[in-house]
Amino acid sequence: MAKADRNQVLRQLPLVVGGLAGVLLLFNRLLTPELTQSQARSDALGVILSAVLILTGLLWQQVQARSPDAVELIGEEGFELAPSLPDAVRTELAWASHLLLTNTATRSLVVWYQGKVLLRRGILGTNPEVKLGAILQRVVEKQKPVYLVNLTLYPGRIEFDFIPENTQGVICQPIGKDGVLILGANAPRSYTKQDETWIAGIADKLEVSLSYYLNDVAPAEI
């Protein structure tokens, strides 16, 4: 179920106040048997203020950004690591996933590397296995991330059956030539450019660690 827009009341307030003030001014004018000059000036000022409030409310409807509609992802919360991983890799994956879950819109994430799922964390999908479809294959082959801002609009969403079925937005970030980091959000268009840059940096850090501990390749000097 989509969450209510928290700013809706604020945007409607000038419209309600301006409209109510205008109605009250009209009733006051109709019920006044004899109109004085001072009251006429007050009524004119009140009409102007009411019109300004209504105009402000209409402008706020257009100008103020609406928060993306968020949903409660379907699934159980969990934290799963592949068995027999080195302690250093387990620590690295736990650290990276914690940062992503607590500092971005990510609610579900999966790390796939060398044909295996190394990590699932957050709200888990029903399918624990990852089979690379067309989108993930392209990410790994071209070494370029893909951001699906509104997953429900993409026919290719069927390949993401390993994350919650009502996931709204997905980032697929390559981890070198052997892996991919899949992040699922509970609202469309919820990742910023800064988030994307930060996610890419974390994926690069994971690539160094995974290639060193799982491939016995010395990490490049930074």
Boolean, G156 is over 15 Å from the mean Cα position of the chain (by Cα), of a type in the set (G, A, S) and more than 24 Å from L85 (Cβ to Cβ): yes
T32 fails exactly one of the following numbered conditions: (1) open to solvent by less than 30 Å² (accessible area, probe 1.4 Å); (2) of a type in the set (S, T, Y); (3) at pLDDT below 75. What is the number of that condition? (1)
Hits in the range 101-117 - residues which are in contact with a helix residue (DSSP H, G or I) (Cβ under 6 Å, 6 or more places away or on another chain) and farther than 21 Å from E165 by Cα: Y113
Anything in the range 74-89 that is more than 22 Å from G125 (Cα to Cα), outside any loop (DSSP other than H, G, I, E, B) and open to solvent by 90 Å² or more (accessible area, probe 1.4 Å)? List them, or say none. D87
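Do you know which of the residues in the range 195-212 that are of a type in the set (V, I, T) and open to solvent by 30 Å² or more (accessible area, probe 1.4 Å) is nearest to I123 (Cα to Cα)? Walk me through how you get there before you give the answer.
If we filter the range 195-212 for residues that are of a type in the set (V, I, T), which is where we start, we get 197, 199, 202, 208.
Remaining after also requiring open to solvent by 30 Å² or more (accessible area, probe 1.4 Å): 197, 208.
Details: T197: 23, V208: 27 Å.
My answer is T197.
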Counting only residues that are in contact with a helix residue (DSSP H, G or I) (Cβ under 7 Å, 6 or more places away or on another chain), surrounded by fewer than 23 Cβ atoms within 10 Å (Cβ to Cβ) and under 20 Å from I74 (Cα atoms), how many does the range 175-194 have? 0
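Specify which of the listed residues (A4, A21, A70) is modelled with pLDDT of 80 or more and either open to solvent by less than 90 Å² (accessible area, probe 1.4 Å) or hydroxyl-bearing (S, T, Y) (or both).
A70
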Taking only pairs six or more apart or across chains, which ones have beta-carbon atoms under 8 Å, a first residue in the range 29-44 that is closer than 19 Å to G18 by Cβ and without any contact (Cβ under 8 Å) to a residue 40 or more places away in the chain, and a second residue that is of a type in the set (K, R) and outside any loop (DSSP other than H, G, I, E, B)? D43/R29
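The values are calculated or read from the model by the stated rules, or taken from the named source; none is laboratory data. Because the structure is a prediction, the values reported are computed rather than measured. Heads up, the Cβs are rebuilt from the backbone with ideal geometry, glycines too, and the neighbour counts pull from every protein chain shown. To get the accessible areas, we keep the full protein, side chains included, count just its heavy atoms, and leave off ligands, DNA and RNA. Shrake-Rupley method; radii C 1.70, N 1.55, O 1.52, S 1.80 Å.
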